[in-house]
Amino acid sequence: MKLEEIVKQQIKEAVKSLYQVEATDAMIQLQKTRPEFEGQLTLVVFPFVKLARKAPAVVAQEIGEYLTDASKDRTADSSIISRFNAVQGFLNLSIADNYWLSVLGDIAQDDHYGTHSLPLREGTGRVPLMMVEYSSPNTNKPLHLGHVRNNLLGYSIAKIQEANGWQVVKTNIVNDRGIHICKSMLAWLRFGNGETPESSGKKGDHLIGDYYVRFDKEYKKQISDLMATGMDEDTAKREAPLMKEAQAMLLKWEQGDPEVRALWQKMNSWVYAGFDETYRQMGVSFDKIYYESNTYLEGKSEVEKGLQSGAFYRREDNSVWADLTKDGLDEKLLLRQDGTSVYMTQDIGTAKLRFQDYPIDKMVYVVGNEQEYHFKVLSILLDRLGFPFGKELVHFSYGMVELPNGKMKSREGTVVDADDLMAAMIADAREISKDKVNTLPDITPEEANEIARKVGLGALKYFILKVDPRKNMLFNPAESIDFNGNTGPFIQYTYARIQSVLRKSEEFTNLPIYKFTNSLNPKELALIQRLADYPSVVRQAGDEFSPAVICNYAYALAQDFNSFYHDYSILNEQDASVRAFRIQLSQQVAKVLAAAMSLLGIEMPARM
């Protein structure tokens, strides 16, 4: 039984015995005790004042005395309340050490501490299934800093929801077709001279990204040349030869032209190999990958059905639209006049295929807040097409990552590349920690490199995930890798410190926690209470879809341990039972720190 449930039961007995009243759960208002007062739980006694016909302070005093009177016969567990203090209409309750020791013992015996289970889906006999979509890259460029935040959020949300009992399918939709893809293909044909990843020494996604930037450069030059002849800018953009060729290539692709399709497959294979390498380094993965080239036809088919049913309409230029004005929005293009599809068409088809492939109970799209309109429209269109899941889609909308010098622009090649960023973070971690790492006994170059990898990537992931996902954020690599303060390396170092203690303590760990009879000092008590909070923190993070909740908890737990470590000896403690207890307490802190950080996709080094 949880602490609050036990305390509530004992309060009910106290109120019945003192005032002959059957207290309801709604009457018993418990909250965490404010830091300036002694205690862990506070009872608001005002709901009982009128029934008792006594002053609030008197009621608080009487209930407190009853709860701490060991002579009382109880149907609930023996009293776990050791002390109390009454402040006006508030009763602050101190929970007995033996309760907290039993909590620590339960944590030690629970290999899956903090995880939850959900009731089986009614009528199916299965665990509810959540699909989480993230990443969604284009095959015309490598992954950048914006993708890093997307991938880290998506992966962490999936891990957190798994800890909350969901069956989770991690999915990715690759935008592998469209005008942007044709731009890279055309630029490679025009300017590539047969260059390949092997001949250039570049990752495939980087190579193709270079040609996307090259297309934009040459396209802008053509626009400028046309405008110099007196043409206005909008006309010049439409009439530029490169853009016309790219549009013609897209039409050929949709018509299945063998040469265009062969080039497309070749260049995409280069990109996928590059993406896979980036995902491996980032530590994220997917259970199912969908490709727009396979889903857009499903979307077009559904749009055609919508035309026939009157859900959509065709304009004189042959384009197909949805009128959403009755829904408070505007009109949305679904098929261009040449019959080619748009992102919305693809997303309709992808949603249909996903719900065919999996018994999805909740579909979550991890996509930036600039796409909020898009997902409002998608939900309405799916509902209009008769899909029952249309109204249930969840857009997890997160803020953008900004840089000190402004926003990123892929076409201009001014993005922060994900591969370069991760390499730089690892290099910085190696440089900053080299003095500490080199003092480790028997350290090998391979272990030093592995420590630098875990610390560098841990710094990056934690810095991004600790920010409220709904907010825009400013990325600062120097701040992220600090070994002090609210950073990933600080928490990792705390974990490594505990591992060092445990490596030296094997001879002292034989005493079971439940046999420890000494009184807990305030910092031991604070640590156990923080450990006890972990399951509710995991649930809160799941309810709010917020890895930041886990970050805040891990940081607070690391702070608590370091404060304890600073004030109290562990291995040099003379009392053997106290020494054994503190070692075991440290062991559970390490276990929960590792569990929390794993929900963020962060690995914990055993030595630093």
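The values are calculated or read from the model by the stated rules, or taken from the named source; none is laboratory data. Remember, it's a predicted structure, so these values are computed and weren't measured experimentally. Note that we place each Cβ from the backbone using ideal geometry, even for glycine, and neighbour counts take in every protein chain shown. These accessible areas exclude ligands, DNA and RNA; they are computed on the full protein's heavy atoms, side chains included. Shrake-Rupley method; radii C 1.70, N 1.55, O 1.52, S 1.80 Å.
Beta carbons closer than 6 Å, at least 6 apart along the sequence or on distinct chains, pair a first residue in region 218-240 that is open to solvent by less than 60 Å² (accessible area, probe 1.4 Å) with a second that is aromatic (Phe, Trp, Tyr) for Ala240/Tyr219. Return yes or no: is Ser94 open to solvent by less than 30 Å² (accessible area, probe 1.4 Å), polar (S, T, N, Q) and within 24 Å of Phe516 (Cα to Cα)? It is true that Ser94 is open to solvent by less than 30 Å² (accessible area, probe 1.4 Å), polar (S, T, N, Q) and within 24 Å of Phe516 (Cα to Cα). Residues in region 152-177 that are within 30 Å of Val260 (Cα to Cα) and open to solvent by less than 10 Å² (accessible area, probe 1.4 Å): Thr171, Asn172, Ile173, Val174, Asp176, Arg177. For region 254-272, which positions are part of a helix (DSSP H, G or I), surrounded by 14 or more Cβ atoms within 10 Å (Cβ to Cβ) and not basic (Lys, Arg)? Glu254, Val260, Leu263, Trp264, Met267, Asn268, Trp270, Val271, Tyr272, listed by residue number. Taken over region 302-320, the criterion of being within 20 Å of Lys352 (Cβ to Cβ) and either among the polar types (S, T, N, Q) or open to solvent by 50 Å² or more (accessible area, probe 1.4 Å) (or both) is satisfied by Glu304, Lys305, Gln308, Ser309, Gly310.
Determine whether region 283-290 contains at least one residue that is more than 29 Å from Leu385 (Cβ to Cβ) and of a type in the set (Gly, Ala, Ser). The answer is yes; a qualifying residue exists. Out of all the residues in region 533-541, is one or more in a helix (DSSP H, G or I) and touching a Leu at 6+ places or on another chain (Cβ under 7 Å)? Taking every residue of region 533-541 in turn, none turns out to be in a helix (DSSP H, G or I) and touching a Leu at 6+ places or on another chain (Cβ under 7 Å). Would you point out which residue out of Ile95, Ile81, Ile107 is closer than 30 Å to Trp166 by Cβ and among the aliphatic types (A, V, I, L, M)? Of the residues listed, the single one that is closer than 30 Å to Trp166 by Cβ and among the aliphatic types (A, V, I, L, M) is Ile107. Contact map, region 172-184: residues that are modelled with pLDDT under 95 paired with residues that are of a type in the set (S, T, N, Q) and in a strand (DSSP E or B), Cβ distance under 6 Å, separation 6+ or inter-chain. Pairs shown: Asn175/Asn138; His180/Asn138.
On the given criteria, is Ser135 surrounded by 21 or more Cβ atoms within 10 Å (Cβ to Cβ), within 18 Å of the chain's Cα centre (by Cα) and assigned to a loop (DSSP other than H, G, I, E, B)? So Ser135 fits the description; yes.
For region 1-48, filtering for residues that are open to solvent by less than 50 Å² (accessible area, probe 1.4 Å), farther than 14 Å from Val87 by Cα and among the hydrophobic types (A, V, I, L, M, F, W, C) leaves 12. Just to be sure, is Ala429 part of a helix (DSSP H, G or I) and either surrounded by 16 or more Cβ atoms within 10 Å (Cβ to Cβ) or touching a Cys at 6+ places or on another chain (Cβ under 7 Å) (or both)? So Ala429 passes the test.
Applying the set (1) open to solvent by less than 80 Å² (accessible area, probe 1.4 Å); (2) over 30 Å from Gln587 (Cα atoms); (3) not aromatic (Phe, Trp, Tyr); (4) not in a loop (DSSP other than H, G, I, E, B) to Thr124 leaves exactly one unmet item: (4).
For Tyr99, the test of being more than 30 Å from Val271 (Cα to Cα) and part of a loop (DSSP other than H, G, I, E, B) is failed. Being touching a residue at least 24 places away in the same chain (Cβ under 8 Å) and open to solvent by 70 Å² or more (accessible area, probe 1.4 Å) is the requirement here; does Lys436 meet it? Yes; evaluated as a whole, the condition is true for this residue. Within region 187-208, track down each residue that is open to solvent by 10 Å² or more (accessible area, probe 1.4 Å) and assigned to a helix (DSSP H, G or I). Selection gives Trp188, Leu189, Arg190, Phe191, Pro197, Glu198, Ser199, Ser200, His206.
Quick grid of which residues meet (1) touching a residue at least 40 places away in the same chain (Cβ under 8 Å); (2) part of a helix (DSSP H, G or I); (3) farther than 30 Å from Ala424 by Cβ:
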residue: Thr295; (1), (2), (3): yes, yes, yes
residue: Glu298; (1), (2), (3): yes, yes, yes
residue: Val303; (1), (2), (3): yes, yes, yes
residue: Leu307; (1), (2), (3): no, yes, yes
residue: Leu329; (1), (2), (3): yes, no, yes
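Scanning region 564-586 for residues that are open to solvent by 40 Å² or more (accessible area, probe 1.4 Å), modelled with pLDDT of 95 or more, over 14 Å from Tyr493 (Cα atoms) and in a helix (DSSP H, G or I) yields His566, Asp567.
Scanning region 65-96 for residues that are assigned to a loop (DSSP other than H, G, I, E, B), hydrophobic (A, V, I, L, M, F, W, C) and modelled with pLDDT of 90 or more returns a single hit, Ala96.
Checked against (1) buried (at least 17 other Cβ atoms within 10 Å of the Cβ); (2) under 30 Å from Asp106 (Cβ atoms); (3) of a type outside the set (A, V, I, L, M), Glu62 meets all criteria but (2). Going residue by residue through region 527-538, is there one that turns out to be in contact with a helix residue (DSSP H, G or I) (Cβ under 7 Å, 6 or more places away or on another chain), surrounded by fewer than 22 Cβ atoms within 10 Å (Cβ to Cβ) and over 19 Å from Lys32 (Cα atoms)? Within region 527-538, not a single residue is in contact with a helix residue (DSSP H, G or I) (Cβ under 7 Å, 6 or more places away or on another chain), surrounded by fewer than 22 Cβ atoms within 10 Å (Cβ to Cβ) and over 19 Å from Lys32 (Cα atoms).
Checked against (1) closer than 26 Å to Tyr272 by Cα; (2) free of Cβ contacts under 8 Å to residues at least 60 places away in the same chain; (3) hydroxyl-bearing (Ser, Thr, Tyr), Tyr134 passes all but a single condition, namely (2).
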